[in-house]
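Following: one structure in structure tokens, then a few remarks.
The values are calculated or read from the model by the stated rules, or taken from the named source; none is laboratory data. Every value quoted in this text rests on a predicted model; they were computed, and no experiment measured them. Note that we place each Cβ from the backbone using ideal geometry, even for glycine, and neighbour counts take in every protein chain shown. Areas reflect the complete protein model, heavy atoms only, side chains present, ligands, DNA and RNA absent. Shrake-Rupley method; radii C 1.70, N 1.55, O 1.52, S 1.80 Å.
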Amino acid sequence: NFFQYPDGLLSSFMKLNKENKTREQRPPRLSVILITMNRQHILKQCLESILRQKFKDYEIVIVDNASNDGTGDMVQNLFPEARYFYLPDNAGVPGGRNYGTWMATGEICVFMDDDAVFDDDDALAKTAAYFDADDRLGCIAFRILQPPHCLEEYKSIPRADKIIINEDYECSYFCGAGFACRRNILLESGMFWEPLFFIGEELDLSYRLMEKGCKIIRSFGISVIHYEMPQARIQGQWIYYGVRNRFWLAVKNLPIPNLFSYTVLWWTYFLLLAIRHGHPLFFLKGMKDALTGLPEVVKQRQCISGKTIETLKKLSGRIYY
């Protein structure tokens, strides 16, 4: 003798079991990708804000750029659901994001700085809804808020004119503190340019997204609060990377007239900052390495088209400076 399931119950059980297996095998809709290095305490706040999200069809991918402060232990002990990857050497921001993109399984990649938190618990649901509503949408730029008053961070406004617009609008670039892209678009576009290491990788990618005809939207409804904790950085190195990378960005992407105007204006800006903050050697080293790397950058030059230039002008994009 053996147990007989009542009529219909066995088939219902088998169907439910099949659906559960399919659900387990199906990749998540969103992959939230975080790059971190020696900032475990603020990373903990970031992860807590992600776990508070009402939308649950996501995974968390953490790429650790060679931390030595116990970040890995903290993640594995407090956030075992996160997929944690430790890199033995610092791959930089673009390298870390590229690694996270390769490891991600979701259709949409949501990127946040590890020193940022979501402003509300509906951010991921809103992100998914934006992409559902528009097949042309390639990237969403989140609104970046600055504590303590949660005003929009001036430098993060994705417009060259820095006009504050309190509604959704189409733009031509985005701030790395918080944004989302379709994963297939990232892969097709070549992802982030790793030689930049730090500063400018978002702008470089945005030129390629524009060339592909992808729409970039700055969302007024999705916000992150950016605490901007720079303790893992060498003081003054942002001047070095700013000088070097702005020149490389221009050489790689811009027409010759814009290349010169862009470089002169940015180098003048960084020279003044270097003098003001007492970092002239970082400025000079940035210029030296920018020119030393010029032959390799020229090999990768893909000047944006006239159509993209017109779109950039229309959307107050980065073309002259």
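If I filter region 123-138 for residues that are hydroxyl-bearing (S, T, Y) and within 16 Å of the chain's Cα centre (by Cα), do I get at least one hit?
yes
So, in region 267-289, exactly how many residues are part of a helix (DSSP H, G or I) and open to solvent by 50 Å² or more (accessible area, probe 1.4 Å)? Please lay out each step first, then the result.
Kept after step one, since they are part of a helix (DSSP H, G or I), are these residues of region 267-289: 267-277, 280-289.
Applying the additional criterion that residues be open to solvent by 50 Å² or more (accessible area, probe 1.4 Å) yields 268-269, 271-272, 275-277, 280-282, 284-285, 287-288.
Here the count works out to 14.
Step by step: first the residues of region 109-136, then only those that are of a type in the set (A, V, I, L, M) and open to solvent by 10 Å² or more (accessible area, probe 1.4 Å), then the one that is farthest from Q146 (Cα to Cα). Which residue is that?
Applying the first criterion (of a type in the set (A, V, I, L, M)) to region 109-136 yields 110, 112, 116-117, 123-125, 128-129, 133.
After this cut, where a residue has to be open to solvent by 10 Å² or more (accessible area, probe 1.4 Å) as well, the list is 117, 125, 129, 133.
Working: V117: 11, A125: 23, A129: 25, A133: 29 Å.
Within region 109-136, the match that is farthest from Q146 (Cα to Cα) is A133.
Which of the residues belonging to region 159-172 are open to solvent by less than 20 Å² (accessible area, probe 1.4 Å) and either touching a helix residue (DSSP H, G or I) at 6+ places or on another chain (Cβ under 6 Å) or of a type outside the set (G, A, S) (or both)? Lay out the reasoning, then the answer.
Just the residues of region 159-172 that are open to solvent by less than 20 Å² (accessible area, probe 1.4 Å), to begin with: 160, 171-172.
If the condition is that a residue be open to solvent by less than 20 Å² (accessible area, probe 1.4 Å) and either touching a helix residue (DSSP H, G or I) at 6+ places or on another chain (Cβ under 6 Å) or of a type outside the set (G, A, S) (or both), then C171, S172 are the ones that fit.
Tell me which helices (runs of 4 or more DSSP H) are completely within region 35-108 and hold 2 or more residues being open to solvent by 30 Å² or more (accessible area, probe 1.4 Å) and closer than 21 Å to S223 by Cα, or say none if there are none.
Values: elements: 40-51, 71-78, 92-103.
Fully inside region 35-108 and qualifying: 40-51.
Given the condition open to solvent by less than 50 Å² (accessible area, probe 1.4 Å), of a type in the set (A, V, I, L, M) and in contact with a strand residue (DSSP E or B) (Cβ under 7 Å, 6 or more places away or on another chain), answer yes or no: does some residue in region 304-317 qualify?
Yes, some residue in region 304-317 is open to solvent by less than 50 Å² (accessible area, probe 1.4 Å), of a type in the set (A, V, I, L, M) and in contact with a strand residue (DSSP E or B) (Cβ under 7 Å, 6 or more places away or on another chain).
Output the residues belonging to region 177-211 that are open to solvent by 30 Å² or more (accessible area, probe 1.4 Å) and of a type in the set (S, T, N, Q).
Result: N184, single match.
Based on what the data block shows, is I304 in contact (Cβ under 8 Å) with a residue 40 or more places away in the chain, farther than 23 Å from Q235 by Cα, out of contact with any Cys (no Cβ under 6 Å at 6 or more places or on another chain) and assigned to a helix (DSSP H, G or I)? Quick ask: steps written out before the conclusion?
Numbers: in contact (Cβ under 8 Å) with a residue 40 or more places away in the chain: yes; farther than 23 Å from Q235 by Cα: yes; out of contact with any Cys (no Cβ under 6 Å at 6 or more places or on another chain): yes; assigned to a helix (DSSP H, G or I): no.
Considered against the rule, which asks whether it is in contact (Cβ under 8 Å) with a residue 40 or more places away in the chain, farther than 23 Å from Q235 by Cα, out of contact with any Cys (no Cβ under 6 Å at 6 or more places or on another chain) and assigned to a helix (DSSP H, G or I), I304 comes out as no.
Within region 227-239, is there a residue that is of a type outside the set (A, V, I, L, M) and at pLDDT 95 or above?
Keep residues of region 227-239 that are of a type outside the set (A, V, I, L, M), which gives 227-228, 230-231, 233, 235-238.
Next, only the ones that are at pLDDT 95 or above stay: none.
No; the residues of region 227-239 include none that is of a type outside the set (A, V, I, L, M) and at pLDDT 95 or above.
Identify, by number, the condition in (1) part of a helix (DSSP H, G or I); (2) at pLDDT 95 or above; (3) of a type in the set (A, V, I, L, M) that V32 doesn't meet.
Unmet condition: (1).
Output the residues belonging to region 243-266 that are surrounded by 24 or more Cβ atoms within 10 Å (Cβ to Cβ) and outside any helix (DSSP H, G or I).
Passing the criteria: none in range.
Confirm whether T292 is closer than 22 Å to P158 by Cα and open to solvent by 30 Å² or more (accessible area, probe 1.4 Å). Outline the logic, then answer.
Working: closer than 22 Å to P158 by Cα: no; open to solvent by 30 Å² or more (accessible area, probe 1.4 Å): yes.
Answer is no for this residue.
List every residue pair whose Cβ atoms sit under 9 Å apart, with the two residues 6 or more apart in sequence or on different chains, where the first one lies in region 277-290 and is closer than 20 Å to V251 by Cβ and the second, anywhere, is buried (at least 17 other Cβ atoms within 10 Å of the Cβ) and polar (S, T, N, Q).
Once the first residue is closer than 20 Å to V251 by Cβ and sits in region 277-290, its partners that are buried (at least 17 other Cβ atoms within 10 Å of the Cβ) and polar (S, T, N, Q) give G286/N245; A290/N245; A290/T263.
Could you check region 224-242 and list, in sequence order, the residues that are open to solvent by 10 Å² or more (accessible area, probe 1.4 Å) and either over 16 Å from F197 (Cα atoms) or not in a helix (DSSP H, G or I) (or both)? I'd like the intermediate steps shown before the answer.
Step one: filter region 224-242 for residues open to solvent by 10 Å² or more (accessible area, probe 1.4 Å), giving 225-235, 237-238, 240-241.
I225, H226, Y227, E228, M229, P230, Q231, A232, R233, I234, Q235 - these are the residues of region 224-242 that are open to solvent by 10 Å² or more (accessible area, probe 1.4 Å) and either over 16 Å from F197 (Cα atoms) or not in a helix (DSSP H, G or I) (or both).
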